[in-house]
Every structure is written in C-alpha cells, then in structure tokens.
Amino acid sequence: MFPSTDPAWAQVADFLRAKLRDGEEILAPGEFLDLFAGAYGYRAAYALSPERFTFVVVHMGMLQEVGRRRLTAFRHRLAPVFGNDVFVVLGPADRAQGVSRRTLAAVEKLAPRGLHAPRADASPVSAAVLTTHDRPDALARSLPQVVALGVEVLVVDDGSAEAAAGEIEAICRAHGARRLRFEENRGLPNAVNAGIGYWLADPAVDWISLFNDDVDVRPDALEMLARVQDPRTRPLLTGRSDPLHSDFGGDTIDGVEVRWLRSAPGVHLHGHRDYWRDVLPIPTPYLAAPKRDGGLPGQGADEDFWITCWSPRSIAKRGGHVACIPGLVRTFIHQPLDSTWSEGSAAAEDPPLAPPPRATSA
C-alpha cells in the first residue's frame, strides 16, 4: 500500500503526476504500482531494458535493491530531476523541478557521472538457434558454419525420425552444439518458441540469431550485424535478402549497406531479446507445420511473417523495418522435393555469399 501520509513519498508522487506523460514508464519501489500503471518495482528491472524507463525513483534506503551498477547505467542517460530527504528521481533533464545542491551532491556520491562510463567496445552477448527436422545432411553443412561465428548454439530437433535423430545428435556432439529434441514433430513455430525461450532464460544473452538448417553463413555475419543492430531503432535484422519480399530503400550505417524490409523469410532472423519477447509465442497455423497436406494449399508455418510483420508488436506494426544486410546468409536448398511443404517450382538459387570487407592497413 502506498504510504500517502508520508511527506517524502507524497512529494515524489505529486512530482510524477505532474511530469509523467501517457505511455511513459518508471522504475520505483513497488508501492508506486498502486498509483501508476506504468510503474515497475526494482525486482522487475532484470527482465526489462533500461531504456524503457523515463523516470527512475531511487529510494536512498533501498540502494541494494536498485543495484549500484544499474544505477550508474541510469545515471549516464538520465539527470537528477527531483529530490528530498528520502528520494532522488532521475529523468529527462528538461523536466527537472527545483533540484537542490544537496540532491546533486547525493547523486554524484551514489553514481559519479564519469565513473564506469559505458564502454564503446563493450560487446553485447549473442547466441544462436538452429532448427532442423529430418535433414541431417543439411545440418552437417550448416552447423559448423554457425558454430564458427563464435557463439553458443542450440539445435532444436523437431521430432526427427529415429535414424535422422541419431545422426543429428552425433553432428551436434561433434561440433559442441547443444541439442533440444522433441519426441514428436510439433512444427516450426513451436521449435522457434522453444529455442528462443531457451536463450531468453539467460539474462546475459542480448541478441539471438535464428537460422534454418539449410544455410551458408559468412564468418563475420554477427560482427556485421553488430555494427547495425540497435535495441530500440533496429531490434530485428536479417543477413539475407529475398526478391519475394519488397525492398523499401536503404541507408549506410557505420559503413554497412542496409536495406529496409517489412517482411523477411525465416532463413535467418536476428533479434534483440526484448523484441523476441514481444513477438513470442509464435502461433502455429496447424500442428506440425509446415506440411504439404496441412492448412491451406501451399501454406507453410508462417513464423517468419508473424515475427516480422503479423504480430501486433512486430517491427512493421510499429512503423519500422527489418534491417537487412544482404549477402551474410544464403540458403542452399531450392528444390521443392527437399522441402517439407513446398510443391511449387524450384526457387532461384541464392547468389554466393558476399566477400568479407578487406582489412585496411594502418
């Protein structure tokens, strides 16, 4: 229950009522949930991106719950905007209200602005998911390339037959990849849900790359994606372009040529953990999708459309685009007979992978 009769608490509540705008969120002691729908308690901070909070209400007696490391990170983005004997509120500098020297001194003591500044060379942690079903030959070609990216890899075997499952297990063991096997074929959306969820259980993982088992991958694919990825503005990327998906122009970001898409095939999708949580769980159109005899004629699993543009929280529905760096990933399977669901004509073969940029001499 919110202690409304306590002047220090009431002052902060009044400040937030005056300054908080629709849709904005705050991190604060749990009691503030009684007053503000957009409030989150300190204990929820581990599960949420720090960038989502407009205000952070710091109770001076609860610093251990806030966490000094987290507080320091907030301090580099937010300014002291209000304070009293109990609280310091961090927020947008243009919404400050009568910040005293005492408050400024308290913040500087708690989290000096120059101390432990975010390092420009600090690399986010990535992991990979590779889905497969009854195609050990394809996995034997693709898995070594994904492992060579230098990240932990989980192979999700969606109910392969016993013989194929044994081969898949041996391939995973040979290349040091983790394996998750379903005893029955439940469908690609379910495999993606389980694989992405596996890595979401590890708070240290920031970005998750999803691959089909029929991919060739450029060795520097994740390095190139890291130069473009951004949790807020570019949370979903792909290393493969496809002429069946419309191109909405392009830009150059950090020297990397990027094309803008509203949808992209599921051959490869690379997303920030917050984005994956927004679009999961992926629904399945019918059990064990994709299959030639399931759903509508020619209907696949549609997981790629859900991730990119069908989910109400997808990047397309937010008014954004999938950031595509062409030539990082290609598929080497084009014949309908090699597909579990397609009965159409053979697709055009993907072009070779783009060569990595040449290193420049000093």
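Among the residues of segment 190-206, those that are closer than 24 Å to Leu328 by Cβ and touching a helix residue (DSSP H, G or I) at 6+ places or on another chain (Cβ under 7 Å) comprise Val192, Ile196, Leu200, Val205, Asp206.
Of all the numbered requirements in (1) over 20 Å from Gly239 (Cα atoms); (2) modelled with pLDDT under 95; (3) not charged (D, E, K, R), Ile282 misses one, and that requirement is (2).
Restricting attention to segment 90-135, which residues are modelled with pLDDT of 90 or more and of a type in the set (D, E, K, R)? Of everything in segment 90-135, those that are modelled with pLDDT of 90 or more and of a type in the set (D, E, K, R) turn out to be Asp94, Arg95, Asp134, Arg135. Looking at segment 251-263, can you tell me whether even one residue there is on the phi > 0 side of the Ramachandran plot and surrounded by fewer than 23 Cβ atoms within 10 Å (Cβ to Cβ)? Among the residues of segment 251-263, at least one is on the phi > 0 side of the Ramachandran plot and surrounded by fewer than 23 Cβ atoms within 10 Å (Cβ to Cβ), which makes the answer yes. Among the candidates Ala174, Ala165, Ala170, the residue that is among the hydrophobic types (A, V, I, L, M, F, W, C), under 16 Å from Glu152 (Cα atoms) and over 21 Å from the mean Cα position of the chain (by Cα) is uniquely Ala174. Does segment 1-52 hold any residues that are exposed (fewer than 12 other Cβ atoms within 10 Å of the Cβ), touching a Gly at 6+ places or on another chain (Cβ under 8 Å) and assigned to a helix (DSSP H, G or I), and which are they? Of everything in segment 1-52, just one residue is exposed (fewer than 12 other Cβ atoms within 10 Å of the Cβ), touching a Gly at 6+ places or on another chain (Cβ under 8 Å) and assigned to a helix (DSSP H, G or I), namely Arg43.
Is it the case that Arg178 is at pLDDT 95 or above, among the charged types (D, E, K, R) and farther than 24 Å from Pro265 by Cα? Taking the combined requirement at face value, the residue satisfies it. Remark: Arg292 falls outside the filter, which requires a residue to be assigned by TED's automatic domain parsing to the domain that holds Gly197, surrounded by fewer than 19 Cβ atoms within 10 Å (Cβ to Cβ) and under 21 Å from Glu51 (Cβ atoms).
Residues in segment 264-285 that are in contact with a strand residue (DSSP E or B) (Cβ under 7 Å, 6 or more places away or on another chain) and in a loop (DSSP other than H, G, I, E, B): Ala264, Gly266, Val267.
For segment 301-325, which residues satisfy the criterion of being surrounded by fewer than 22 Cβ atoms within 10 Å (Cβ to Cβ) and either on the phi > 0 side of the Ramachandran plot or among the small types (Gly, Ala, Ser) (or both)? The answer is Asp302, Ser311, Ser314, Ala316, Gly319, Gly320. Screening Val258, Val228 for residues that are farther than 22 Å from Leu48 by Cβ and in a strand (DSSP E or B) leaves exactly one candidate, Val258.
Could you tell me which of the residues Arg259, Arg218, Arg227, Arg232 is more than 18 Å from Trp276 (Cβ to Cβ) and under 16 Å from the mean Cα position of the chain (by Cα)?
Arg227
Working only within segment 246-291, note down all residues that are of a type in the set (A, V, I, L, M, F, W, C) and under 23 Å from Asp216 (Cα atoms). Scanning segment 246-291 gives Val256, Val258, Trp260, Leu261, Ala264, Val267, Leu269.
The values are calculated or read from the model by the stated rules, or taken from the named source; none is laboratory data. Note that the structure is predicted; figures quoted are calculated from it, not measured. Glycine also receives a Cβ, built like all others from the backbone with ideal geometry; neighbour counts cover every protein chain displayed.
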